[in-house]
Ligand code: HEC
Ligand code: HEC
């Protein structure tokens, strides 16, 4: 049986990695619940790794719910999925990076609007509690998207329509070509994970989602003086970029306005999907792909 906690830990990490196009370290899938807080805290603050996932503290999240209702709910909605006045925090990179309010706290202190007080007036414990609440909602959402029963409740006909229509899957895939027999290849849960996070099984991250992907994100970096260097992306953020070239050599640069960085991301369509796809689309598409035996 699928260990749901681990899958959720992994899905959150993968989502973060997918959004950033960054490479997570080899996955060991920290348990989503009950892991020592000490272990999660302190490790690479602000960084993303499978071993430092934010562990939800249920009591704090419950206290945070009150802060949320008083200060955030009108703009970000009951479940943090956003309204036309505030962003969807479930897909937020800032939230995915946050560990115990180390990102959300400074963000709010910078003068983010709240409903009754300036955000700078929230106490540190209110901020930590409300951050716990946001993480709790992220966890719940990822969990429901991955629920095994839900996976099997999709409508394959609606999935086929989405595949060839709104989802535009058929611009890259074919049910009789590259995806022929994909329903035989993966269990429904793995299939769902492969299609939401296709690069998850590859790049040495451990194949919970099934076979490793041979596709990789590449990058071309052109320094102001030197020749362009291309290779497989190792890491990229606002400050640094690094790659490994075809001879296996590692290159790294500080990012400056004159350093040109071109990213070639074959997974871009799948990453963009995470912003628009609904839970129903996910279940229908998986039911359809599952029928491709
Ligand atoms: C008046 C409406 C409003 C209220 C109230 C509000 N927000 Fe926001 N929030 C926004 C908007 C709009 C954005 C997106 C623009 C921005 O980053 O400022 C946002 C962005 C955010 C982000 C960053 C998302 C990202 O990925 O960049 C976080 C985190 C956040 N809000 C948390 C909160 C919390 C926690 C509260 C309650 C303490 C709160 N907000 C109250 C409107 C609001
Ligand atoms: C712009 C091109 C593009 C679009 C659009 C696209 N994909 Fe993909 N898809 C890819 C690439 C690239 C891979 C990785 C293939 C690999 O690594 O072997 C992939 C992988 C997959 C996989 C995993 C296949 C396997 O054998 O592991 C599934 C399933 C999948 N996509 C389904 C979909 C569905 C469903 C949609 C529409 C909602 C979609 N894709 C839209 C390019 C695309």
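Bear in mind these aren't lab numbers, they're just calculated from the coordinates by the rules spelled out. Bear in mind the structure is a predicted one, so any value in this text is a computation, not a measurement.
So here's what we get for this one:
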{"quantity": "Mean projected area in nm² (Cα convex hull; one quarter of hull surface) for the stretch 218-264", "calculated": "2.9"}
{"quantity": "Alpha-carbon centroids, the stretch 155-197 and the stretch 219-275: separation in whole Å", "calculated": "30"}
{"quantity": "Gyration tensor (alpha-carbon) shape descriptor, the stretch 57-137, a/c threshold 1.5", "calculated": "rounded"}
